[in-house]
Every structure is written in C-alpha cells, then in structure tokens.
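Below: the structure, in structure tokens.
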Amino acid sequence: MKSPTRMPLVVANWKMNPTTSEEATRLFSAISASLKKTKATVVVAPPAIFLGALKQGMRKAPKHIALGAQNVHPLESGPHTGQLSVRMLYASGASYCIVGHSECRALGESDALVNAKVHALLKSRMTPILCVGELERDQSGKYYAVVETQVRASLHDVKKKDIEKVVIAYEPIWAISSGDGKGRTATPEDAHEMRLFIVKILTDLYGRTMAERVQILYGGSVNETNAEGIFTQSGVNGFLVGGAS
Ligand code: 13P
C-alpha cells in the first residue's frame, strides 16, 4: 500500500453543534491548545454563524489549524434566501468548505449542484472537501457505481491542474453515526478498497501522477478507538469526523 506523502488532514465537521458562540469558542480554544504538536492539518468546520468568532481565536492557533465551512452556494450574490457565498465564508475565516455531504444530498442536493460548488470554491482558491458515499453496500457491488457517478459528476470539467486542490472524503452513509441508527462502522478494508477505487477513477480522468496527489479522507463513526487502525491499514490521508469531533 502506498503511504500518504502529505501531512494527514483531519476535518472536524461540527454539524449543527454547539448551540452558542461561547461554547464554540471554548471548544475551539481547547482543541487548538491540545493540538500544538500534532503533525496533521486540522480543519474545524463549525456552523457558519460561529466562523467569525473562531476567526478571532485563529490568531492564537497553531499554523496547521484552519477553519472550514459546512456548505456554500455556488453563486456570488443574489436572491438566495439563507445561503452564503464563497466570498462571505472566506471573509469569515474559512479556507476549506465541505460540499456534497450526505446530509445535504438528502435534502435534494444534486451532483450538478455539488459540481457548481466545487468550481466556485476552486475559482476563489478555497479547498473543496467533496463528500461521496453510498447509502448501502449490496452483495453485487452496485455501490461502486454509486460512488463512481458521484465522483465523476461532482468533478465534471475540473481541470487537471486543479484536481490536487480538491479533497475527497469517502463517507458511506451506513457508517455515519447519525445514519440509520444501526451503529455499523466501516472496516479498514472497506476504506482501503474504496480509496483504491477512487484513485482508479481519478487515474482514468487525470492520469496516475495527479490521481495520487489527491487527498482522500474517510468519514463515518471515526473515533479515538478506531482511527489509528483505519489510518494505518487503509492508506487514507486522514478523516472527516462528525460526532467525535
Ligand atoms: P460521524 O463521525 O458522527 O459518523 O459523522 C461523519 C460525518 O458525517 C462527518 O461529515
């Protein structure tokens, strides 16, 4: 297995937590203090409304900690109630942005919309964290086709020179802790085989050299007990963590 060459990347997706700006600030300070010596890039993606407060805290945070947003609208401005543009998120301190999360896809987000978001982020030099993942694993392996369609459609027209700026997070929906309530977790082998499959799709699209430069994360019930095993045995470049973050 090829070992990751870049610094590992761990993204904390706080989803709709915590409930107050004070709590978010406290949690962020505690995280940055405890990660001073960590040899990984850590991205904290709080609810967007707390980004501004955490941006203040970034002044004291180590360089390998960054802020991320959980979603974005692909357009710059206009009549889009409740939406935030790339520029607004960037101005609030975010340099990464999650797109295509299954919890957003479940509300009707299409691959075409995810693709538009990826382009909008790349245009503004923000790093898209593109989530893909199947709802279920079936015996006949149809889940591969699900992931392949998501990867290809979400990266439509992304140029070869830009592909290494995209992070791909493989998040099988059945393994996400808030998912179907059955508490299933992916094994290192599950993450390993899907990582290889995604690298194969990227190789088809962009050639092997570029494909191997793309960081591929795993997400779905990652916690302090299973993280080391998945990281060392699957070859992923890091994690997208929900509940445990
Ligand atoms: P959990 O780590 O809570 O399973 O969430 C995963 C996730 O959805 C991160 O984006």
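The sole residue among Gly133, Gly141 that is on the phi > 0 side of the Ramachandran plot and out of contact with any Pro (no Cβ under 8 Å at 6 or more places or on another chain) is Gly141. Ala53 - would you say it is over 16 Å from the mean Cα position of the chain (by Cα) and either under 25 Å from Pro8 (Cβ atoms) or in a helix (DSSP H, G or I) (or both)? Answer is yes for this residue.
Of all residues in the range 90-118, those satisfying the criterion of being open to solvent by less than 60 Å² (accessible area, probe 1.4 Å), more than 16 Å from the ligand (Cβ to nearest atom) and under 24 Å from Phe197 (Cβ atoms) are Ser110, Asp111, Asn115, Val118. Counted as qualifying within the range 61-137 are the helices (runs of 4 or more DSSP H) with 2 or more residues that are within 19 Å of Val44 (Cα to Cα) and free of Cβ contacts under 8 Å to residues at least 24 places away in the same chain, namely 86-91.
The values are calculated or read from the model by the stated rules, or taken from the named source; none is laboratory data. Model, not experiment: these values are computed from the prediction. For neighbour counting, all protein chains shown are included, and Cβ atoms are generated from backbone atoms with ideal geometry for every residue, glycine included. For the accessible areas, the whole protein counts, side chains as well, though only heavy atoms, and no ligand, DNA or RNA atoms are used. Shrake-Rupley method; radii C 1.70, N 1.55, O 1.52, S 1.80 Å.
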